[in-house]
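The values are calculated or read from the model by the stated rules, or taken from the named source; none is laboratory data. Note that the structure is predicted; figures quoted are calculated from it, not measured. Backbone-built Cβ (ideal geometry, glycine too); neighbour counts: all protein chains shown. With ligands, DNA and RNA removed, areas are computed over all heavy atoms of the protein, side chains included. Shrake-Rupley method; radii C 1.70, N 1.55, O 1.52, S 1.80 Å.
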Amino acid sequence: MTGRHYLDHASTSPIRSEVLAAMNQWWAAGHADPSRMHAEALTARYEIEQARQQVADCFGAHSREVVFTSGATESIAAAVRGASYRGAHQVLSAVEHSAVRLSVERLAAGDHRNTVVGVDSTGRVDPAEMAAAIESDTGAVHCQWANHEVGTVQLVSEVIAACRERSPDVLIHVDAAAAAGHAHIDFAETGADLMSISAHKFGGPPGIGALLVRRGLRLVPLLEGGDQERARRAGLENGAAIAGFGAACAAFEDGGLEQEADRARVHTDTLRSRALGIEGIEPYGHPTQRLPHLVCLGIADVEPQAVLIALDRAGVAAHSGSSCASESLEPSPVLEAMGVDAHHSLRLSVGWSTTDEDVDAAAEGLRDALAELRKLRS
């Protein structure tokens, strides 16, 4: 097999052709500032609002609940900061993305506190334990939709129900960045107050995302200055990226999401079964309640960096651990929280552009890489 085989969609997914077309169309039109009152500005405003509706439709939200941001990291920071004015205490699971964990820890360095709730060996948090961690001054509870490293899907509805029963007024923030575009998400159905999404995880452009904010909820904005996004996020809108975000969401109309998820699960089931036929490999995460496009494997006795380099030489792009920890040699906080080997993991993730040939190349590349590396150790 020749060429490159991209198995790192969970870090970022290649841009879709319809997304690129929408962005090029925006740039070619030379759109003006959508906050102004002339014809060029009104055209820009119309197209931004059209994209906002596409995003809202994709995630079961009202268009007025969609606040465009620079990505999930900003959305998360806005949710954490906004909730800090509601109470001095925040609750999060032990497997939250570093964007959640570090934002909450920064608050705790001041006069705020946080409680981290542990997970089981599959990476799942107990809804009752999340609710029990709520105190009288808890401003928010943070629970990811699904884990970005091992793919485990959380019991989000149960977590929200348990937290609401204990404290009806506590804000519930769901980080859906890893799941968006790979699982059916209905913001209204969940009952969450806040939800973070990033476009580049499912074929949209980088540098654009959204914070879904329940209607009627007012947050202190993270970015202040202008009155963009109904005074919820200051700064001139990134119109081209917003148009691309909308186009990526529109790709899931008429059953597109289900079709891609079914194809992804076939690919990851193949990768998982073939990998488990190799000595010294074990799967991480929940065996069935997982994202369809992601596989995380524990690899005994071989450094993950060496595996990644060997795979790359074979033309396969993969990753070890969190996409935000690739320059760190520290063990994965997610895997540590699960009580598994946090130093030796490999993540393979597929997406809209993955082919059967890509999957075969990854499976064969992993088998050959481990055989060669273990031979060198003997």
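Only one of the numbered conditions (1) surrounded by 20 or more Cβ atoms within 10 Å (Cβ to Cβ); (2) within 24 Å of H148 (Cβ to Cβ) is violated by A22, and that is (2). Within segment 254-278, the set of residues being in contact (Cβ under 8 Å) with a residue 60 or more places away in the chain and among the acidic types (D, E) comprises E258, E260.
Among the candidates S322, S349, S378, single out the residue that is within 20 Å of the chain's Cα centre (by Cα) and modelled with pLDDT under 95. Of the residues listed, the single one that is within 20 Å of the chain's Cα centre (by Cα) and modelled with pLDDT under 95 is S322.
What number of residues in segment 23-41 are under 27 Å from the mean Cα position of the chain (by Cα) and farther than 16 Å from G209 by Cα? Give the derivation first.
Step one: of segment 23-41, the residues under 27 Å from the mean Cα position of the chain (by Cα) are 23-24, 26.
From what is left, the residues that are farther than 16 Å from G209 by Cα are 24, 26.
So the count comes out to 2.
Filter segment 135-154 down to the residues that are in a strand (DSSP E or B) and either at pLDDT below 95 or over 30 Å from E282 (Cβ atoms) (or both) and list them by number. If the condition is that a residue be in a strand (DSSP E or B) and either at pLDDT below 95 or over 30 Å from E282 (Cβ atoms) (or both), then T138, G139, A140, V141 are the ones that fit. Here is the figure for segment 192-244: residues that are out of contact with any Pro (no Cβ under 7 Å at 6 or more places or on another chain), basic (K, R) and either part of a loop (DSSP other than H, G, I, E, B) or closer than 18 Å to R81 by Cβ (or both) total 4. Reported count of residues in segment 168-188, each being touching a helix residue (DSSP H, G or I) at 6+ places or on another chain (Cβ under 8 Å), at negative phi and not aliphatic (A, V, I, L, M), is 5.
For (1) closer than 29 Å to S136 by Cβ; (2) surrounded by fewer than 16 Cβ atoms within 10 Å (Cβ to Cβ); (3) among the aromatic types (F, W, Y), each residue gets a yes or a no:
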{"position": "H38", "(1), (2), (3)": "no, yes, no"}
{"position": "A44", "(1), (2), (3)": "no, no, no"}
{"position": "A51", "(1), (2), (3)": "no, no, no"}
{"position": "A61", "(1), (2), (3)": "no, no, no"}
{"position": "R64", "(1), (2), (3)": "no, yes, no"}
{"position": "I76", "(1), (2), (3)": "yes, no, no"}
{"position": "R81", "(1), (2), (3)": "yes, no, no"}
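Cβ separations smaller than 8 Å between residues 6+ apart or across chains give the following pairs from segment 356-371 residues that are touching a residue at least 24 places away in the same chain (Cβ under 8 Å) and under 20 Å from R263 (Cβ atoms) to residues that are of a type in the set (S, T, Y) and open to solvent by 60 Å² or more (accessible area, probe 1.4 Å): D358/Y6.
I'd like to know if segment 209-230 contains one or more residues that are open to solvent by less than 10 Å² (accessible area, probe 1.4 Å), at pLDDT 95 or above and within 26 Å of A318 (Cβ to Cβ). Checked segment 209-230: at least one residue is open to solvent by less than 10 Å² (accessible area, probe 1.4 Å), at pLDDT 95 or above and within 26 Å of A318 (Cβ to Cβ).
Got a sec? Which helices (runs of 4 or more DSSP H) wholly within segment 246-342 have at least 1 residues that are open to solvent by less than 40 Å² (accessible area, probe 1.4 Å) and not hydrophobic (A, V, I, L, M, F, W, C)? Step through it out loud before you land on a result.
On the way: elements: 256-275, 304-313, 333-338.
By residue number, 256-275, 304-313.
Taking first residues from segment 57-86 that are closer than 14 Å to E229 by Cα and small (G, A, S) and partners that are open to solvent by 20 Å² or more (accessible area, probe 1.4 Å) and not in a helix (DSSP H, G or I), the Cβ contacts under 6 Å between residues at least 6 apart in sequence or on separate chains come to S70/G207; A78/L222. Of the residues making up segment 155-182, those that are open to solvent by less than 30 Å² (accessible area, probe 1.4 Å), under 24 Å from R64 (Cβ atoms) and outside any loop (DSSP other than H, G, I, E, B) number 8.
Going through segment 118-154 one residue at a time, which ones are small (G, A, S) and either open to solvent by 50 Å² or more (accessible area, probe 1.4 Å) or over 22 Å from S11 (Cβ atoms) (or both)? Explain how you work it out, then say what you get.
Kept after step one, since they are small (G, A, S), are these residues of segment 118-154: 118, 121, 123, 128, 131-133, 136, 139-140, 146, 151.
G118, S121, A128, A131, A132, A133, S136, G139, A140, listed by residue number.
Checking each residue in segment 84-114 for being surrounded by 17 or more Cβ atoms within 10 Å (Cβ to Cβ) and either among the small types (G, A, S) or over 21 Å from the mean Cα position of the chain (by Cα) (or both) picks out S84, R86, G87, A88, H89, S93, S98, A99, S103, L107, H112, N114.
State which residue is farthest from Q90 (Cα to Cα) when the search covers only segment 149-159 and only residues that are in contact with a Cys (Cβ under 8 Å, 6 or more places away or on another chain) and free of Cβ contacts under 8 Å to residues at least 40 places away in the same chain.
Taking the candidates together, the pick is V156.
Pairs linking a residue in segment 119-138 that is in contact (Cβ under 8 Å) with a residue 40 or more places away in the chain to a residue that is surrounded by fewer than 20 Cβ atoms within 10 Å (Cβ to Cβ) and not in a loop (DSSP other than H, G, I, E, B), with Cβ atoms under 7 Å and 6 or more positions apart or on different chains, are A133/T115; I134/R166.
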